[in-house]
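Beneath this line is the structure, given in structure tokens, with notes to follow.
The values are calculated or read from the model by the stated rules, or taken from the named source; none is laboratory data. On a predicted model such as this, the values are computed, not experimentally measured, just so you know. Here Cβ is always computed from backbone atoms with ideal geometry, including for glycine, and neighbour counts include all displayed protein chains.
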Amino acid sequence: MNVGLRPFSLPLAEPLDTARGTVERREGLLVRVESGDSEPGASAVGVGEATPLSGWTEGDDECEAALDEAAEAVEAGADLESVLADLDDAPAARHALDLALADLGASREGVALYRYLGSADRIESVPVNATVGDAPVAETVAAAESAADAGFDCVKLKVGARSVSADIERIDAVADALDGVGLRADANGAWDRATAQQFLDAVGDRLAYVEQPLPATDIAGLAALSGPVALDETLARVALDDALDADPEAVVLKPMALGGPRPAVAAGRRAREAGVEPVVTTTVDGSVARTAAVHVAAAIPDRPACGLATASRLESDLGPDIAPVADGRAVVPQGAGNGTADTWGHRD
């Protein structure tokens, strides 16, 4: 099996603020695997994407070093599952190889990636949420109404940057303005326990959940909160089963941070077994990983609205968007594999 690596750098339409600082570009590596023993007429190529994000995955240098070592091992004929296991501490690198191998396998079987990942049904599209950033009340309401007019029936509001009373006012205003639209809030771990409980007491009944109201590792505090809570950053620091012990309403599954599409689907099914909603999102990835995340969502039964409407956050991309969002839903590609093999020859 031959393995190729190609670096890329994608400018963001607007800077992305993270706990580790501001990100202006999404940089990473494409991985191409090719097998020489495919049956006639079957594709023998798979493409994956590693787009590290500090705080969620390993750093850029660690990712590149891990993929260089993994590529050498694969080309030398090493057991693929062992190579993947060796990448457990480098989830973005593991994601790239896991996706490339799954893309290869699905393409050779002539099935869409989501079918290869285990879906027994044909899924044409998956629901997605719109995200409304931090803004004063009137601007927040206008942005939420615009999203609803565009067909989104689920809107997520960023909270935690203002006083809790200001965020409560924003949630109430949007809930009053929108009828039949589900609301979520995302605090990105900004609050202490008392503040989070104050927010939940005030508007918890108007929300599907508030995402990451407390710091990632405060499992005891998250479990003690009264009201609907979803865990996001926690999953980058804590094993899934330990996170589920906090009895959340939902878990936010980022395939890039979980080490690939196959681990993400397994995590989604495990969450479902525990009675917890699995919400698939991206880490503002390129088109290869973003398309794969749509396939992951399609492979999980009864998926809720997912955070997959992120293409517009990139100023340029790795290739065409073959899983576009319209009327609040992302199209699930039906061709063989992930559908992004041609990306290898595209130059961003």
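Quick rundown of the values:
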| read-out | value |
| --- | --- |
| Options Asp192, Asp167; residue that is farther than 24 Å from Ala264 by Cα, crowded, with 20+ Cβ neighbours inside 10 Å and among the acidic types (Asp, Glu) | Asp167 |
| Unique residue being within 30 Å of Gly260 (Cβ to Cβ) and among the small types (Gly, Ala, Ser) when the list is Ala177, Ala161, Ala202, Ala230 | Ala230 |
| Any hit, segment 118-137, residues being among the hydrophobic types (A, V, I, L, M, F, W, C), in contact with a strand residue (DSSP E or B) (Cβ under 6 Å, 6 or more places away or on another chain), farther than 26 Å from Arg269 by Cα and crowded, with 18+ Cβ neighbours inside 10 Å | yes |
| In segment 323-338, the residues that are in contact with a helix residue (DSSP H, G or I) (Cβ under 6 Å, 6 or more places away or on another chain) and within 19 Å of Val47 (Cα to Cα) | Ala323, Val332, Ala336, Gly337, Asn338 |
| Scope segment 82-129; condition part of a loop (DSSP other than H, G, I, E, B), in contact with an Asp or Glu (Cβ under 9 Å, 6 or more places away or on another chain) and either charged (D, E, K, R) or touching a residue at least 60 places away in the same chain (Cβ under 8 Å) (or both); matching residues | Asp86, Leu87, Asp89, Asn129 |
| Residue check, Val126 more than 21 Å from Ile322 (Cβ to Cβ) and in contact with a helix residue (DSSP H, G or I) (Cβ under 6 Å, 6 or more places away or on another chain) | no |
| Which numbered condition Arg347 fails, given (1) in a helix (DSSP H, G or I); (2) modelled with pLDDT under 95 | (1) |
| Some residue of segment 207-219 being touching a helix residue (DSSP H, G or I) at 6+ places or on another chain (Cβ under 8 Å), assigned to a helix (DSSP H, G or I) and under 30 Å from Asp88 (Cβ atoms) | yes |
| Filter pass, Ala85 being surrounded by 14 or more Cβ atoms within 10 Å (Cβ to Cβ), within 23 Å of the chain's Cα centre (by Cα) and of a type in the set (A, V, I, L, M, F, W, C) | no |
| Residue list for segment 283-297, restricted to those being crowded, with 24+ Cβ neighbours inside 10 Å and either more than 17 Å from Pro11 (Cβ to Cβ) or not polar (S, T, N, Q) (or both) | Asp285, Gly286, Val288, Ala289, Arg290, Thr291, Ala292, Ala293, Val294, His295, Val296, Ala297 |
| Residues satisfying the stated conditions in segment 312-325, i.e. in contact with a strand residue (DSSP E or B) (Cβ under 7 Å, 6 or more places away or on another chain) and not acidic (Asp, Glu) | Ser312, Arg313, Leu314, Ser316, Leu318, Ala323, Pro324, Val325 |
| Residue that is modelled with the highest pLDDT, among those in segment 11-22 that are hydrophobic (A, V, I, L, M, F, W, C) and touching a Ser or Thr at 6+ places or on another chain (Cβ under 8 Å) | Ala13 |
